Ligand SMILES: NC(=O)c1ccc[n+]([C@@H]2O[C@H](COP(=O)([O-])OP(=O)(O)OC[C@H]3O[C@@H](n4cnc5c(N)ncnc54)[C@H](O)[C@@H]3O)[C@@H](O)[C@H]2O)c1
């Protein structure tokens, strides 16, 4: 991952966003001192246990807000304006020049992120990224540095780090497991395991530094927990399995810092990565599609919702989990 070049996406309608920032700037992260009160909606049996829970600054929400409301001070909906909103959040996404990383970056921007830093290998963004420019702005890459330094420089500039998506990944198929070349195995591990850790470290260190908590999303795959039928990809499957355990391990270590770590395991999604197989092997689209009950491949945009949920306050009790989005592939 040493050749990573950061690119920066921001909201295209920044002036609109700025006016909203004044209202929401204080709401990112959690108030570690906030303790749920019985008035916040907990049954007395629970509150009597003096159970502590960390509440966002805009609490109460939902039923608790309705109970606390009065005719002169009615409850207002918060689900999309608050819980799912990423207003003022700063994000780092690897593998974001195209494919899932780019789609996820755009989702974060649409959800209100102040800025999304997109890391990828090319010094200049590719066609796919350029087209997204109609909806978002980007800044030309700065000089490539080690990933930790990239994270640190973002922290220095933005004064916070809230979301990290590790989406960079490669696949090197075509060899039996017994003959899989050692160097090729190392190459895949280097990007799909080591690079994921380094990216998560780059962002996680900044989340710890600023003390606002954060959400790290490691892009794994169903290949981490099942073997893709008729595919000889021992390195990829092994790497994704490592990512699943990396997520659980990081989640447990980082929970005291209010940093959540989850993995997202997509099934077959049509991107340049999978197109390299599908478009060159007649019948493969149908074969892969037939392996899930929906009988189709997924689209990158079908991961927008889950990523926004994982990145936002809407998922604050979710950590150490693997979220599977596969059209039902693993249900069969
Ligand atoms: N497409 C799918 O069906 C699918 C399914 C499950 C999981 N995934 C995972 O999702 C992630 C994204 O996949 P995609 O389909 O968008 O692939 P993609 O090939 O379209 O995008 C991957 C991006 O990662 C970048 N990248 C590769 N090595 C890098 C490195 N060393 N440093 C920085 N960037 C690097 C590539 O340049 C590319 O832009 C991968 O981790 C992949 O394993 C994809």
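The values are calculated or read from the model by the stated rules, or taken from the named source; none is laboratory data. What you are looking at is a predicted structure, and each value in this text was computed from that prediction instead of being measured. All Cβ positions, even for glycine, are placed from backbone atoms using ideal geometry, and neighbour counts span all protein chains on display.
Looking only at the stretch 170-192, count how many residues are under 28 Å from residue 156 (Cβ atoms) and buried (at least 16 other Cβ atoms within 10 Å of the Cβ).
1
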Return only the number of the condition from (1) outside any loop (DSSP other than H, G, I, E, B); (2) within 13 Å of the ligand (Cβ to nearest atom); (3) at pLDDT 95 or above that residue 164 does not satisfy.
(2)
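Scanning the stretch 258-291 for residues that are within 30 Å of residue 316 (Cβ to Cβ) and more than 12 Å from the ligand (Cβ to nearest atom), which turns out surrounded by the fewest Cβ atoms within 10 Å (Cβ to Cβ)? Spell out how you get there, then give the answer.
In the first step, residues of the stretch 258-291 are kept if they are within 30 Å of residue 316 (Cβ to Cβ); the result is 258-267, 269, 271.
Cutting the leftovers down to more than 12 Å from the ligand (Cβ to nearest atom) gives us 258-262.
Working: 258: 19, 259: 24, 260: 25, 261: 26, 262: 24.
Restricting to residues being within 30 Å of residue 316 (Cβ to Cβ) and more than 12 Å from the ligand (Cβ to nearest atom), the top hit is 258.
Go through the stretch 227-247 residue by residue and tally those that are in contact (Cβ under 8 Å) with a residue 40 or more places away in the chain and crowded, with 17+ Cβ neighbours inside 10 Å. Can you show your working first?
Let us first name the residues in the stretch 227-247 that are in contact (Cβ under 8 Å) with a residue 40 or more places away in the chain, namely 229-236, 238-240, 242-244, 246-247.
Keeping just the survivors that are crowded, with 17+ Cβ neighbours inside 10 Å gives 233-236, 238-240, 242-244, 246-247.
The qualifying residues number 12.
Let's see how each residue does on (1) in a loop (DSSP other than H, G, I, E, B); (2) within 14 Å of the ligand (Cβ to nearest atom); (3) closer than 15 Å to residue 242 by Cα:
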site: 173; (1), (2), (3): yes, yes, no
site: 186; (1), (2), (3): no, yes, yes
site: 189; (1), (2), (3): no, yes, yes
site: 194; (1), (2), (3): no, yes, yes
site: 202; (1), (2), (3): no, yes, no
site: 209; (1), (2), (3): no, no, no
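Evaluate the stretch 307-318: report whether one residue or more is surrounded by 13 or more Cβ atoms within 10 Å (Cβ to Cβ) and within 12 Å of the ligand (Cβ to nearest atom). Lay out the reasoning, then the answer.
Of all residues in the stretch 307-318, those surrounded by 13 or more Cβ atoms within 10 Å (Cβ to Cβ) come to 307-316, 318.
Subset that is within 12 Å of the ligand (Cβ to nearest atom): 307.
So far as the stretch 307-318 goes, yes, one or more of its residues are surrounded by 13 or more Cβ atoms within 10 Å (Cβ to Cβ) and within 12 Å of the ligand (Cβ to nearest atom).
What number of residues in the stretch 76-120 are at negative phi and not in a helix (DSSP H, G or I)?
Pass one, the stretch 76-120, residues at negative phi: 76-87, 89-94, 96-98, 100-111, 113-120.
Okay, now just the ones that are also not in a helix (DSSP H, G or I), so 76-78, 84-87, 89-94, 96-98, 111, 113-120.
So the answer is 25.
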Tabulated pairs, the stretch 87-104, first farther than 19 Å from residue 204 by Cβ, second within 8 Å of the ligand (Cβ to nearest atom) and in a loop (DSSP other than H, G, I, E, B), C-beta under 6 angstrom, 6+ apart or interchain
97/122; 97/126; 98/126; 99/271; 100/167; 102/96
